Amino acid sequence: MLERHVRGRTVRGVRLSGLRLREAVPRDLPARLRGRRLEAVRRLGKYLLVDFSGGVTLLSHLGMSGRWLFHPTPPRGREPHVHARIAFADGSALWFQDPRRFGLLRARDTASMDQDPALATLGPDPLGSPPSGPGLAEIARGARVSVKNFLLDQKRIAGIGNIYASEILHRAGVDPRRAAGRLAVREWDAVARLTRVVLGEAVERMGTTFGSYRTLWNEPGSYGERLFVYDRAGEPCRSCGGPIRRIVQGQRSTYFCASCQPRRPRRGAAAAKTVRTAVSRRPRARG
DNA sequence: ATCCTATCCTGTAGGC
DNA sequence: TGCCTACAGGATAGGA
C-alpha cells in the first residue's frame, strides 16, 4: 500500500525530532538517506523495511502508538510527536509520528539487514511464509505458556498483536487459557489457517483503529468492523450470542467467548485427543 | 530453558 | 471544570 505511493521518490532531506524512541534514533539517518531513491517497502512481522538505492534500508516499528503518514504536500504547522520527516524531491513527505515513543527507527546496509537483532530472532511471518498446523505444533511442543501468550511471542510466530491474538483464537474456537503445548495438531491447523485469514484481512483493511491509530492518509483502519471479541466485554458474541469475557494474561487484556472457545475441545475433535496425548508425551524440544 | 514482571512514554476515558 | 486513576495496539532486560 505504502509502496505504490512512495517508490521511486528521491529523498531531499530528513529531519529528526531528537527525542528518543524505544531507543535513540540514529543521528546519521539524514546523512545516510539524503539523495537516495526509495526502491521498495517490505514487511516482516510487525517491522516495516524501506529499501533505498545504494543498499541502505530503514527499519521501523510502530510500537503502540506509532504511524507513518504520507503527505503529498506536508502541513506547515507544528504537528506534535513527529520524530522523523522524510522530505522527497517532489515536495511530498513521509512522517513518523509516535506519541508514546515505543516505536523504533534504525538504518543499516540492506545486505546485512537480516542479521539485525530485531529481525534475526523473528519467527515465521504468517503471510510471507505461512506455518502449517504441524509446524506450529512443533514450535509449541512442551510449551506451558498459554496459547494466547504463545501467539504474542514474536520469536515463535511473527506479526500477531494483542487484538489479533484474541480474534484468531475466537475464530479457531480455542480457549486462550490453554497451554500451547497441549493443543492438538488439528487445533493448530485451525489456528494457522485463521492467522492467515485474520492478518490478511487486517492488512487489507489497514489495521484496526482503536483510539488513535491512523493509516498513511490519516484515516482510521477499518478492521474494527470485523472484530468478533476484542474490546467487546459483556457484549454478545457475534457467533453464539453469549457474553464476551475479558481476562488478563501477562498484564494484557484477552477477550473470548466461553461457549465458542471451550476449555476442552469439542467432540468431533475426538481425533484430536489422541494426537494431543502423543504430542505432549514426546520429550521437550531442545535448543 | 521458560516464563513472568516491571518498565519505557503520552493520551484518553471515566469516577468523583 | 479539575484532579485522580486505570488502561491502551509492544518489546525486552532481568529475575524466579
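The values are calculated or read from the model by the stated rules, or taken from the named source; none is laboratory data. Remember, predicted model here, so these are calculated numbers, not experimental data. Virtual Cβ from ideal backbone geometry, glycine too; neighbours counted across all protein chains shown.
Overview of values
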{"item": "Qualifying residue in segment A:239-248 (condition: part of a loop (DSSP other than H, G, I, E, B) and either at pLDDT below 95 or within 16 Å of DNA strand B (Cβ to nearest atom) (or both))", "result": "no"}
{"item": "Residues being within 16 Å of DNA strand B (Cβ to nearest atom) and closer than 17 Å to A:Gly66 by Cα - total across segment A:220-238", "result": "1"}
{"item": "Selection status of A:Trp188, at pLDDT below 95 and either within 16 Å of DNA strand C (Cβ to nearest atom) or within 28 Å of A:Gly63 (Cα to Cα) (or both)", "result": "no"}
{"item": "Answer residue from segment A:74-113, given it is in a strand (DSSP E or B) and free of Cβ contacts under 8 Å to residues at least 60 places away in the same chain and is farthest from DNA strand C (Cβ to nearest atom) among those", "result": "A:Ala93"}
{"item": "Test result for A:Ser65, more than 16 Å from DNA strand B (Cβ to nearest atom) and out of contact with any helix residue (DSSP H, G or I) (no Cβ under 6 Å at 6 or more places or on another chain)", "result": "no"}
{"item": "Every residue from segment A:137-163 that is touching a residue at least 40 places away in the same chain (Cβ under 8 Å), of a type outside the set (A, V, I, L, M, F, W, C) and either within 16 Å of DNA strand B (Cβ to nearest atom) or not in a loop (DSSP other than H, G, I, E, B) (or both)", "result": "A:Glu138, A:Arg141, A:Gly142, A:Ser146, A:Lys148, A:Asn149, A:Gln154, A:Gly161, A:Asn162"}
{"item": "Within segment A:19-40, tally of residues that are under 17 Å from A:Leu94 (Cα atoms) and either surrounded by fewer than 17 Cβ atoms within 10 Å (Cβ to Cβ) or more than 16 Å from DNA strand C (Cβ to nearest atom) (or both)", "result": "12"}
{"item": "Subset of segment A:132-157 (residues that are surrounded by 19 or more Cβ atoms within 10 Å (Cβ to Cβ), within 12 Å of DNA strand C (Cβ to nearest atom) and farther than 24 Å from A:Arg246 by Cα)", "result": "A:Arg156"}
{"item": "Search result, residues across segment A:78-98 that are within 16 Å of DNA strand B (Cβ to nearest atom) and either exposed (fewer than 15 other Cβ atoms within 10 Å of the Cβ) or of a type in the set (Ser, Thr, Tyr) (or both)", "result": "A:Arg78, A:Glu79, A:Pro80"}
{"item": "Failed condition for A:Ala31, given (1) more than 26 Å from the chain's Cα centre (by Cα); (2) part of a helix (DSSP H, G or I); (3) in contact (Cβ under 8 Å) with a residue 60 or more places away in the chain", "result": "(3)"}
